[in-house]
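Please treat every number below as a calculation from the coordinates, not as lab data. Note that the structure is predicted; figures quoted are calculated from it, not measured. Don't worry about glycine lacking a Cβ; one is built from the backbone with ideal geometry, like all the others, and counts go over all protein chains shown.
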Amino acid sequence: MSYEAKTYSRHRRILDLLSTGRYRTAKEVAELLAAQGERISDRQVKRILDEFRNQDHLDARPRAITTTRGKPPTEYGSRRRNNAPELERIDTHQALTLQLAAELLDPLLPASLLEPLKAELKLAKSVIIRDTPSLQRFPNKVAVLPRGIGRPKARVHGKHLATIYRALLEERRLNVGYSAMGNGLQPPKTHEISPLGLICRFDTLYLVHVRETTDPDKDPNRIMEWPIQRFARVELLSVPVRKPPGFYLKAHLKYPGIIQNHHDERLKRLGPAFKIKLRFKEKTGRYVVERPFSDDQQWNQTSDGSYLVTATVPNTRDLLSELFNFADDVEVLAPKPLRDYLKEKAEAVARQYQPKKKTDRKSSTRRSTAA
């Protein structure tokens, strides 16, 4: 029997011993398990019982009748006097979802939130093994590749992240030391900020916030996202956060600053979305038909085999990355500001790869001698 199956069986027996409405101490439960051939220490039993108590499956109370010496032992009993606690509140596929979600949430959830879930997640895996053993192989059959080349994740300071979580949950401001460039390339500056939420994008965590400022040229309600790895210091303040009017994180996710094309004024003026017209070479055009840019995408194939594509697209850096990735397989026909921008970038890239002119060492030596 696997470790998970043995764990499930043990937990099931412990709960069954308490399902009759009688309260028992951890020592008594351990003795009853020993009589059934299950060797487990009092301390292990107590830890399991405390986990179930934290999940509201069990009651715990001091034993009323005890010796006059020492502290009375804790005894445990079922919250449901007539039925066993609901150990199996989920079906097998829900258990699988829990298991996969736990793997994805592990780097995001603070330890204080993840720790109480561990017992539930173990039981979820046990349900999978017991009911549909083949499903336990599912996580090993599905893989998610990182976008791009999968660079190593930036290192986030654990204590800083824990403080940020606390500030978000308690809605308190932070005093932070933040560097616009990480790894000590620029000295950190001190800011007082109101944290509003977190965005996990690819392999980076961003803190959504507004910054306190006395500069009349800076908008105090401007919402910003800063990568958490660039925080050199994070201090929790007792001051409540200041929320901009109408702020809602889910709505903000549609157009966060980290993906907008504010670096070029021509692109910025195109607005949050615009109509684009593209010409693709035949082979790439077939792929774009299969994987459209938008729901309203339209296309037609010309006499030379190329594809003309029109679609409404978001004005984001991801769009530029897609177009750069297609290289000379795509030509932007409209809008003109985007066409001009890409044309300038293409010319700049071409100049970088032009062969460099060699300096005439003899002539330069003669010039230096004459001088």
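Numerical summary
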quantity: Gyration tensor (alpha-carbon) shape descriptor, segment 202-246, a/c threshold 1.5; calculated: prolate
quantity: Peptide ranges 243-253, 155-165, 22-32 listed from the most packed, as the mean C-beta count within 10 angstrom indicates; calculated: 22-32, 155-165, 243-253
quantity: At 0.692 mPa s and 37 °C, Stokes D of segment 158-257 from Kirkwood alpha-carbon radius, µm² per second; calculated: 237
quantity: Filter on Lys189/Lys268; Lys6/Lys27; Lys218/Lys336 - keep pairs with C-alpha separation over 26 Å; calculated: Lys189/Lys268; Lys218/Lys336
quantity: Prolate/oblate/rounded call for segment 265-352, Cα gyration tensor, a/c under 1.5 rounded; calculated: oblate
quantity: Footprinting exposure proxy for Ile258, Ile48 (fewest neighbouring C-beta atoms within 10 Å first); calculated: Ile258, Ile48
